[in-house]
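So the structure is just underneath, and the comments pick up after that.
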Amino acid sequence: MRLSKLFLTASAAAIGVTGLALPALAQVDELVVTAQRREESLQTVPVAVTAFGEVQLDQRQINSSIDLIRNTPGLIGENNLGQGGAVVLFMRGDGSDEALVQFEPPVSTYLDDVIVPRQITQNVDFLDIERIEVLRGPQGTLYGKNTTGGAIKIITRKPSDEFEAKLSARYGNYDSIDVNGYVNVPVTDNLFVKLTAGFHEDDGYIKNALTGQKLGDLNMKSGRVQVRFLPTEDITIDLTGDWIERKGLSTTPTDIVGGSGHPNQGSYVNTLTGASVRPEYGDKTRDISFIGRLEWDLDWSTLEIIGGYRDSEQNLFFEFLPFSSGAFGFAPAAGLCYFCIDQDSDAEIFTIEAKLNGDTEIAGRRLDWIFGVFYSDENNGQLANDIGVAAGFPFDPTNVFDRTFDYDVMSLAGFAQFDYEIVPDVTVTVGARYTYEKKETVELTSVAGGFTVDDLALLGIPNELEEYQLNPKAGIDWQATDNALLYFSATNGFKSGGWNTRVNSAAAYTPFPSQNVWEYEVGAKTEWFDNRLRVNVAAYWAVFKDIQLTVLVDPAPIFGVGNGGEARARGVEVEIEAVPIEGLTLFVNSAYNEGSITKLSELVVSDTIIVGTPLKRLPQFQAQAGFNYTRPVYNYGDAFIGAAVSWA
């Protein structure tokens with residue numbers, strides 16, 4: 001068992017003053033969520049959802065995607081090696097370590113219902129957020145591909161018809177500074193504008209003993225412009241422009257032992273350009289996105305059209321194995337590094353979704369329904385260099401392992417879901433999504449490997465992959481009392497396939513097919529003692545087919561992704577929240593999990609992955625416990641103090 005996080009919130013004078021008032025009666029807060037793509041109470045949704053409102057996000061110091069990990073049962077992760085913007089997320093044993101654009105993260109992130117598709121920028125800054133919803137388990141029907149582990153929904157606060165302004169500042173250890181604020185201006189009776197900005201800086205929490213340099217630092221700036229227009233009583237139009245820039249370094253094990261004495265000690269020759277390169281050590285990412293949303297109340301249904309465009313860039317250079325480590329038994333030497341990674345990425349995606357939500361009566365019973373269509377077009381460009389310049393390196397000692405590629409993805413899907421009350425308080429759910437996806441390696445060049453995309457055809461390796469997937473869902477729930485919901489569901493999802501790109505030969509640039517999962521879940525959502533106590537429990541059994549694993553890839557002994565065969569995962573998740581007296585909130589969340597490989601593919605070349613090998617990043621036990629205490633401070637707002645501890 002490893003202690004992973006302890007936090008205490010307090011500030012001088014008011015010990016954390018907010019303008020948010022307590023309810024008149026001491027009860028657990030009711031949250032409205034859109035987990036099923038329509039507004040419902042958290043306690044009536046037959047889905048395992050962990051949700052955080054504005055107050056909870058503030059009091060628990062949930063400031064970015066990485067902070068959700070300690071607060072969500074079944075969710076495990078961290079920053080990817082050397083990358084402050086990339087976050088590795090595993091949910092119920094399903095996840096991906098890879099940040100290259102050909103590999104899909106199975107825990108997808110959505111900002112205002114628009115997907116953030118690539119891992120390199122999934123550590124989203126939670127700036128002026130209304131709520132966060134973490135959906136656990138496959139969400140293939142309503143959210144689509146690459147949600148076999150789950151989905152994270154980030155919902156921003158929209159402009160309103162009242163003037164409002166806020167400025168907040170925080171200072172913490174490691175010289176951490178947070179400043180953010182917004183101004184909301186009602187321009188007219190039906191046009192509202194909001195400007196939001198944020199800044200974060202810290203000096204890092206690890207010190208390089210050789211150089212004295214601080215590591216694990218982060219510098220982040222972000223801004224958002226939002227416009228809400230109400231042309232009629234029935235139509236709402238929201239427009240959002242979002243920008244975020246990050247600079248820093250998520251540490252690697254070699255940073256701790258000294259490395260080669262960064263910042264950079266030398267140069268290397270980029271074989272793609274022939275130029276001598278002296279890269280800046282660290283990770284830089286930049287995200288720009290635009291989102292447009294139209295909601296139209298048609299009386300008999302609600303039409304919603306959501307369009308989004310996102311452009312993400314990354315410039316990464318970090319030391320994976322330093323000369324001074326003497327790795328692989330070779331003597332330490334002076335120079336740039338023993339093995340470094342230099343990576344530049346540019347990912348653009350356009351998405352549009354249209355859906356109809358409505359309800360009707362059939363035979364006197366309520367039927368809720370949703371129909372939708374989805375389209376996305378994505379273009380990814382990446383230059384990835386694995387640099388080995390040490391004498392005696394296991395590969396060519398003077399070589400640069402380089403790959404540059406242009407990679408396109410197009411996806412088209414249609415989906416529907418029906419929830420019918422067959423008898424009073426008992427509802428049956430059926431739904432399905434049909435997806436067509438096409439992936440294409442448009443351009444591929446490796447100077448060190450001596451191959452291009454044309455060489456793939458000579459070896460019979462396709463540069464296009466097509467996918468047709470049907471993802472059904474079925475379930476039943478029973479509202480046993482006003483405060484108790486029991487449910488069962490069977491859900492299906494798929495994670496897209498791709499190509500192995502961490503290779504140095506055309507023969508090793510092999511495709512791997514999609515991963516498929518069926519998950520069966522039973523759950524209970526209950527409230528007790530006049531809603532002073534909330535206890536939600538979910539138990540799941542997941543069956544993976546063609547599970548994607550990090551393995552050695554033939555014909556070259558290089559790590560990549562392969563379909564490892566079949567796997568099983570199961571677990572129980574518990575969330576408890578209590579308000580025993582006015583102002584005091586106690587919370588506990590925990591998960592017990594186990595999972596392993598049950599059938600191994602003959603394609604796997606590994607001595608460490610065998611039948612019975614546990615699924616990685618699936619701790620047997622994880623938990624969090626804490627409290628928040630809030631009291632009014634005259635007419636100035638509320639003061640609060642809180643603490644929590646989490647372990648896995």
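The values are calculated or read from the model by the stated rules, or taken from the named source; none is laboratory data. These numbers come from a predicted model, not from an experiment. Please note: Cβ atoms are built from the backbone with ideal geometry, for glycine as well, and neighbour counts cover all protein chains shown. The protein model used for the area step is the full one, side chains on, heavy atoms only, and it has no ligands, DNA or RNA in it. Shrake-Rupley method; radii C 1.70, N 1.55, O 1.52, S 1.80 Å.
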Checklist outcome for this item: In the stretch 145-245 the accessible area split gives carbon plus sulfur, as whole percent at 1.4 Å, a share of 56 percent
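What number comes out for the charge environment of Ile235, summing +1 per Lys or Arg and -1 per Asp or Glu over other residues with Cβ under 9 Å away? Write down the numbers at each step before the final one.
On the way: positive: none; negative: Glu233, Asp234, Glu295, Asp297.
Combined, the nearby Lys, Arg, Asp and Glu give -4.
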Next on the checklist: What is the percent carbon and sulfur in the accessible area of the stretch 39-111, measuring with a 1.4 Å probe over the protein chains and ignoring ligands?
Outcome noted: 44 percent
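So between Tyr309 and Val225, what do we pick up on full extension, going 0.36 nm a residue minus the alpha carbon distance? Working shown, then result.
Working: separation 84, 0.36 × 84 = 30.24 nm, distance 1.48 nm.
Gain in length upon complete extension: 28.8 nm.
Could you sort the peptides 309-316, 288-295 by per-residue average Cβ neighbour count (10 Å cutoff), highest mean leading? Intermediate values should be presented prior to the final figure.
Numbers: 309-316: 20.6, 288-295: 17.5.
Ranked from most to least packed, the peptides come out as 309-316, 288-295.
So which of Lys438/Lys545; Lys355/Lys495; Lys145/Lys616; Lys284/Lys355; Lys473/Lys525 end up more than 26 Å apart, counting from Cα to Cα? Working shown, then result.
Values: Lys438/Lys545 21 Å; Lys355/Lys495 23 Å; Lys145/Lys616 22 Å; Lys284/Lys355 36 Å; Lys473/Lys525 20 Å.
Distance filter (> 26 Å) returns Lys284/Lys355.
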Checklist outcome for this item: Mean shadow area (nm²) of the C-alpha convex hull around the stretch 42-106 is 5.5 nm²
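Mind checking the stretch 80-174 for GluC sites (Glu not before Pro) that DSSP puts in a loop (not H, G, I, E or B) and that have at most 13 other Cβ atoms within 10 Å? Could the numbers behind the result be given before it?
On the way: sites: Glu98, Glu130, Glu133, Glu162, Glu164; in loops: Glu98, Glu162.
Qualifying residues, ordered by number: Glu162.
State the three equivalent ellipsoid semi-axes of the stretch 511-648, derived from the C-alpha gyration tensor as the square roots of 5 times its eigenvalues, in descending order and whole Å. Could the numbers behind the result be given before it?
Working: eigenvalues 390, 61, 27 Å².
The three semi-axes for the stretch 511-648 are 44, 18, 12 Å.
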Item to check | Label point at Leu298 placed 7 Å out along Cα→Cβ; residues across the stretch 28-56 whose backbone nitrogen lies under 19 Å | outcome: 37-39
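Please report, as a whole percent, how much of the solvent-accessible surface of the stretch 455-590 comes from carbon and sulfur atoms (probe radius 1.4 Å). Walk me through the numbers before you get to the answer.
Details: 3560 of 5630 Å².
Its accessible area is 63 percent carbon and sulfur atoms.
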